[in-house]
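Just so you know, all these numbers are worked out from the coordinates, no wet-lab data involved. In this text the structure is predicted, and so the values were computed from the model without any measurement. Quick reminder, even Gly has a Cβ in these numbers, built from the backbone with ideal geometry, and neighbours come from all protein chains shown.
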Amino acid sequence: MQATTASIAEEIVQGKGYVLLPDLCAPSEMAEARLHILKLAAAEPAGRFLKSEGRSRLYRLLEEAEIFARMVQHPRVIEVAEAILGNDMTLGGFSAHILYPGATKMGAHVDYPYFTMTPPYPATPVMAVQAIWLMEDFTETNGAPLFAAGTQKHCQYPETKTFAALAQKVTSTAGSVVLSHGLCWHDTSTNQSQQPRVSVLGNYNPKFIRPLEDPAQPLSQTFIEQASPKLRQLLGYEFRSALFKDVQRVQS
């Protein structure tokens with residue numbers, strides 16, 4: 001029996017701090033999207049690509065292929081994140097993360113906006129839920145993420161020895177998603193395989209948090225006009241539209 005939205009949200013906030021939602025998209029779709037990401041990253045497009053120490057990030061994915069827009073507003077992901085953050089949440093970031101062969105751990109961390117703050121972090125309200133989309137099978141050897149269960153309740157930056165003692169690899173099949181509390185300590189593991197390991201990261205925040213990225217800025221007007229109401233909300237166009245109307249009212 002499938003777990004309820006309420007029980008998943010409870011596990012993220014008060015339980016382990018993360019959950020695995022298996023098989024939300026077809027592996028064939030993920031394989032195609034993965035190849036698209038790797039081709040884009042190989043060109044190292046200016047202004048949307050960062051590479052450091054065996055890993056890279058690729059930004060501005062939404063208009064690249066229809067699958068990315070579907071992923072960021074997948075109903076199962078949205079209903080869980082909204083149960084925690086509220087139904088007016090916004091998208092704080094959406095990017096691909098590539099671990100090349102030999103890439104080592106990043107270092108245990110918490111997510112934005114917590115890492116910009118001085119600990120101890122506030123326990124409430126929850127200010128971030130992260131979605132890690134598995135673009136291929138995540139295994140024991142190709143850099144699967146590490147999570148330390150229950151550490152979101154510490155409201156502190158990760159302590160190295162404690163994290164090492166608690167951390168467990170989260171492995172699963174392509175098309176699955178790991179949803180986690182922004183305060184749950186996590187890291188990448190070493191990619192010991194001979195292939196790049198690709199994930200797509202979606203960060204969701206309450207409406208009052210300034211996004212880490214501005215995923216809406218480079219999007220074409222055609223894309224915005226064709227976007228679903230939910231996607232426009234995630235991109236902050238509800239706020240932008242209201243602000244534009246206020247400006248027009250003042251100027252009239």
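So here's what we get for this one:
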| read-out | value |
| --- | --- |
| Entries in 161/207; 16/230; 39/161 that, when Cα-Cα distance is taken, lie over 32 Å | 161/207; 39/161 |
| Candidate aspartates and glutamates for bridging to residue 105, where Cα separation is under 12 Å - those fewer than 8 sequence places away on the same chain excluded | 53, 187 |
| Stretchable slack from residue 208 to residue 109, in nm (0.36 nm times residue separation minus alpha-carbon distance) | 33.4 nm |
| Chain lengthening between residue 48 and residue 7 when straightened (0.36 nm per residue, less Cα-Cα) | 11.1 nm |
| Net charge contributed by nearby residues that have their C-beta within less than 14 Å of residue 104 (K/R +1, D/E -1) | +1 |
| Shape of the chain, Cα gyration tensor, a/c cut at 1.5 | oblate |
| Relative contact order (percent, whole number), segment 61-184, Cα cutoff 8 Å, 6+ residue spacing | 30 |
| Karplus 3J(HN,Hα) series, Hz, for segment 218-224 with 6.51 cos²θ - 1.76 cosθ + 1.60 (x for Gly, Pro) | x, 6, 6, 4, 4, 4, 4 |
| Charge dipole magnitude, Cβ of K and R +1, D and E -1 - the chain, Cα centre, debye nearest 20 | 440 |
| Environment charge of residue 6, counting only residues whose C-beta is closer than 13 Å and scoring Lys/Arg +1, Asp/Glu -1 | -4 |
| Residue order, fewest to most beta carbons within 10 Å, for 138, 49, 223 | 223, 49, 138 |
| Helix-only [θ]222 nm of the chain, DSSP H runs n ≥ 4, -39500 (n - 2.57) each, per residue, nearest 500 | -9000 deg cm²/dmol |
| Selection from 224, 35, 56, by position along the positive dipole direction of segment 5-251 (Cβ) | 56 |
| Residues 187, 111, sorted so that the one with the fewest Cβ neighbours within 10 Å comes first | 187, 111 |
| In segment 153-212, the chymotrypsin sites (Phe, Trp or Tyr not before Pro) that fall in loop regions by DSSP, at most 16 other Cβ within 10 Å | 208 |
